[in-house]
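See structure below.
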Amino acid sequence: MIVTRRNLLGSAAIGAGLITSPAVLRAQAPKVLRISHQFPGGTLESGDARDRICRRFGLELEKRTGGSLTVQVYPGSSLVKTLAQFSAVRKGAVDLSLVPLSYAGGELPEANIALMPALVTNYDQAARWRTAPVGERLAKTLNDKGVMIVTWVWQSGAVASRVHPILVPSDVKGVKIRGGGREMDLVFQASGAIVSTMPSSEMYIGMQTGALEAAVSASTSLISFRLDELTKNLTAGRGRSFWFILEPLIISKATFEALTPEQQRAVQEIGQELEAFSFAAAKADDEEITKIYAARGAKIHELTADHIQTWREAARDTAWKDFAGKNASCAELLRLAEQVQ
């Protein structure tokens, strides 16, 4: 081999680390995706199930992409304020979020279908949404706004009350209550309740100060935010509930489209695989909440099919009617949702 000035400069550059292969560059500088959510942080094995979903997603994504993608999870609204997370993802300011989709109803009316009282009443029905026409239409609506669903996360709701048990709409008359979404609030208002619009992360202080007398939220949230310390009556959400919420793991469309085809495939595959874990974790929390609250002295109450039907009738004349009247897209979403039983 003839040694030239170019050879010598090239060898020196490699030795000094100035010239690196693309594979090495990827290993040295992985792309970091940031996930924001409002729930308490934990670990892979303990803590709020929604935080665990985010951490499992990150761990598996790093494995399957050979380290070219890594994930940082920001719990407790530490990266973005609670009600700004959907907008941040839509604009590409945050890569991913696990967020109650109904929080986006102010900028996207169709998102309120995610917490429509007595529309979804059990997990089997919820599980059918992703592949049903209603799920496909909702996913397209979000996609058109710059947001893609990675994992469909559904949670059943329970009612924590400092006063009497809440089993039917008439039970909320005169009660200061948090419903978690505009459509739920419409049903409560029509039933004579005093409605609060605070996010779930503020329920504890609301109950503690007397601003709230009752709160409806996912079982997981009622555990994570420690409302058992303040509750006299719990209406459990196991088996059935008039309150089911879609809290998906979402990704910015801009972020997704900037990934390689292999990375995109990994995101989609992992997201779908996590669905089974999300359902199992939600059901486990529906059982766990009854044990935690009973241990604190709260009385546990169960919803019957007749209770659910009463909520459905109240919702059909208020929340459902209002939602369908927003625009043609909302009306079509509701029509398709009613087909999933």
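The values are calculated or read from the model by the stated rules, or taken from the named source; none is laboratory data. What you see is a predicted model; the values in this text were computed from it and never measured. Cβ placement follows ideal geometry from the backbone for every residue including glycine, while neighbour counts extend to all protein chains displayed. We work out accessible area using only protein heavy atoms, side chains counted, and drop any ligands, DNA or RNA first. Shrake-Rupley method; radii C 1.70, N 1.55, O 1.52, S 1.80 Å.
Taking θ as phi - 60° and the Karplus parameters 6.51, -1.76 and 1.60, the scalar couplings of the stretch 180-193 work out to x, x, 4, 5, 5, 4, 4, 5, 4, 4, 5, 9, x, 7 Hz in sequence order, x denoting glycine and proline. Projecting label points 7 angstrom from Cα along Cα→Cβ for residue 321 and residue 269 puts them 5.0 nm apart.
For residue 33, the residues whose modelled amide H falls within less than 5 Å of its own, excluding neighbours fewer than 5 places apart on the same chain, are 70, 71, 72.
Charged side chains reduced to their Cβ positions (Lys and Arg at +1, Asp and Glu at -1) give the chain a dipole of some 860 debye around its Cα centre. Considering only 255, 43, 82, the Gaussian network model of the chain with Cα springs below 10 Å gives its largest mean-square fluctuation to 43. Multiplying the residue separation of residue 338 and residue 294 by 0.36 nm and subtracting their alpha-carbon distance yields 12.3 nm. Expressed in Å, the radius of gyration and Dmax of the Cα atoms of the stretch 280-323 are 14.9, 40. Selection among 294, 264, 284 by position relative to the dipole of the stretch 260-304 gives 294 as farthest towards the positive end (Cβ unit charges, Cα centre).
Residue-normalised convex hull volume from the C-alpha trace of the stretch 152-206: 94 Å³ per residue. Put simply, the C-alpha atoms of the stretch 46-116 give a gyration tensor, and the ellipsoid matching it has half-axes of 25, 14, 12 Å, longest first.
Taking one quarter of the surface of the C-alpha convex hull of the stretch 56-170 gives a mean projected area of 9.7 nm². For the chain, a Gaussian network of Cα nodes joined below 10 Å ranks 310, 197, 260 by mean-square fluctuation, and the top entry is 260. Taking only the C-alpha atoms of the stretch 157-311, the Rg (one decimal) and the largest Cα-Cα distance, Dmax (whole number), read 17.7, 55 Å. Other residues within the sphere of radius under 13 Å centred on the Cβ of residue 128, judged by their own Cβ, net out at -3 (K and R +1, D and E -1). In this entry, the stretch 229-300 is assigned a mean projected area of 6.6 nm², taken as a quarter of its C-alpha convex hull surface. Each residue of the stretch 95-105 was assigned a 3J(HN,Hα) from its phi angle through the Karplus expression (A = 6.51, B = -1.76, C = 1.60, θ = phi - 60°), giving 6, 9, 8, 9, 9, x, 4, 5, 5, 8, x Hz with x at Gly and Pro.
Using the alpha-carbon positions of the stretch 133-245, Rg (one decimal) and Dmax (whole number) come out as 15.2, 45 Å. Close amide-amide hydrogen proximity is noted between residue 196 and 177, 178, 179, each under 5 Å apart and 5 or more residues distant or on a separate chain (H modeled in the peptide plane; Pro and chain starts excluded). For the chain, the per residue solvent-accessible surface stands at 43 Å², with DNA, RNA and ligands left out and a 1.4 Å probe.
Among the listed pairs 173/232; 283/321; 63/283, those whose Cα-Cα separation exceeds 22 Å are 283/321; 63/283.
Using alpha carbons only, the radius of gyration of the chain set against its Kirkwood radius gives Rg/Rh = 1.09. Taken as Cα centroids, the stretch 248-297 and the stretch 115-145 sit 15 Å apart, rounded to the nearest whole angstrom. So the label point goes 7 Å from the Cα of residue 107 along Cα→C-beta, right? Which residues of the stretch 136-153 then have their backbone N under 18 Å from it? Under cut-off, by backbone N: 139-150.
Here the label points at residue 262 and residue 190, each 7 Å from Cα along the C-beta direction, are separated by 5.4 nm in the simple model. Largest GNM mean-square fluctuation among 188, 277, 39, using the chain with Cα springs under 10 Å: 277.
Phi-derived couplings, Karplus 6.51 cos²θ - 1.76 cosθ + 1.60 at θ = phi - 60°, listed residue by residue for the stretch 202-208: 10, 4, 4, 5, x, 5, 5 Hz, with x used for Gly and Pro.
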